[in-house]
Amino acid sequence: MNAEKTRKDHISNATLLQGETDPLTDRPVHLLQLDGIGKHYGNIIALRDVTMAVDNGRVTCVLGDNGAGKSTLIKIIAGLHQHDEGTLTVMGEERKFSSPRDALDAGIATVYQDLAVVPLMPIWRNFFLGSELTTGFGPFKRLDVEKMKEITKNELADMGIDLRDVEQPIGQLSGGERQCVAIARAVYFGAKVLILDEPTAALGVKQSGVVLRYILQARDRGLGVIFITHNPHHAYPVGDRFLLLKRGKSIGYHHKKDITLDELTGQMAGGAELAELAHELEAMGGHTDILAEVEKETASIGGESKAK
């Protein structure tokens, strides 16, 4: 009972960055809050007791290796799946989304890794895909092409993307630029919470930096951003909070001021597993100087954890 109360107090106080409260209960209200969320498929437990909060103008990073439960978590928030345990609240109101449209109506937009764009279509057509603007009425109704082009160019410019021609096929853009078009589209259509599913996974160093810059721009425009990634070096520069998942369970939930990049990397990778790997590589004739470096880092991470 005491552990449960401590966990809820941590959610209510430590993660509240905007100072908003419910006028009826005088309790903190987050833009989006998950408390004890769980999901299982038959006997398989995909998520268990996951707790996190998202606020306006803040980036919450969800980190974990493949199979950690990141995809299941975002599918619950995005309305693709329903949770079996715990509560999900949006601005203090408990919700259980029945579809992605339900989540969109609540202001939650998701930019998936595969982006769902049509490469041969112009940028402006992709920007308004499925939500085209029209002019006229009855049999004279037609697409308002000029207005859509103008809005697309202005919205992309506001995000810092300077394109000479929105008529060019979106497939001609770099991976980072396509990610940024998807982010700008979500912002334009009224997203309050923006979920980014590993946007830097398939990008090089330079393009990853471009996407990270646009994540900060989305944050500065007042959105609550959920950044899904397996790379702590991408998460730490932009994140305000960090949720670490491993095999469907939370192994840590930290505010940035309470954890360093080395500690974040160590918790995610697992110090004992790194040490075991170092010994295996040494037995196989690996470079001893590099192995010594890994063991040194592992020892320092282990020492810091014990000190805490």
Some residue of region 187-206 being modelled with pLDDT of 85 or more, assigned to a loop (DSSP other than H, G, I, E, B) and of a type in the set (Phe, Trp, Tyr): yes
Please determine whether any residue of region 97-110 is in contact with a strand residue (DSSP E or B) (Cβ under 8 Å, 6 or more places away or on another chain), closer than 22 Å to residue 202 by Cα and either assigned to a loop (DSSP other than H, G, I, E, B) or of a type in the set (Val, Ile, Thr) (or both). yes
Got a sec? Which of 101, 48 is under 21 Å from residue 267 (Cβ atoms) and either at pLDDT below 85 or open to solvent by 60 Å² or more (accessible area, probe 1.4 Å) (or both)? 48
Given the criteria open to solvent by 50 Å² or more (accessible area, probe 1.4 Å) and within 13 Å of the chain's Cα centre (by Cα), does residue 112 qualify? yes
Residue match in region 217-227 (condition: within 17 Å of residue 69 (Cα to Cα) and touching a strand residue (DSSP E or B) at 6+ places or on another chain (Cβ under 7 Å)): yes
Need the failing condition index for residue 59 against (1) hydrophobic (A, V, I, L, M, F, W, C); (2) farther than 30 Å from residue 266 by Cβ; (3) buried (at least 17 other Cβ atoms within 10 Å of the Cβ); (4) in contact with a helix residue (DSSP H, G or I) (Cβ under 7 Å, 6 or more places away or on another chain), just the number. (2)
Looking at (1) touching a Gly at 6+ places or on another chain (Cβ under 6 Å); (2) open to solvent by less than 60 Å² (accessible area, probe 1.4 Å); (3) farther than 20 Å from residue 191 by Cβ, which is the one condition that is false for residue 84? (2)
Within region 115-156, tally of residues that are open to solvent by less than 40 Å² (accessible area, probe 1.4 Å), within 11 Å of residue 185 (Cα to Cα) and part of a loop (DSSP other than H, G, I, E, B): 1
In region 190-247, residue surrounded by the fewest Cβ atoms within 10 Å (Cβ to Cβ) [restricted to those that are within 14 Å of the chain's Cα centre (by Cα) and small (Gly, Ala, Ser)]: 201
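The values are calculated or read from the model by the stated rules, or taken from the named source; none is laboratory data. All of these numbers come straight from a predicted model, not from anything done at the bench. Note that each Cβ is placed from the backbone with ideal geometry, even for glycine, and that neighbours are counted across all protein chains shown. Side chains included, ligands, DNA and RNA excluded: accessible areas come from the protein's heavy atoms. Shrake-Rupley method; radii C 1.70, N 1.55, O 1.52, S 1.80 Å.
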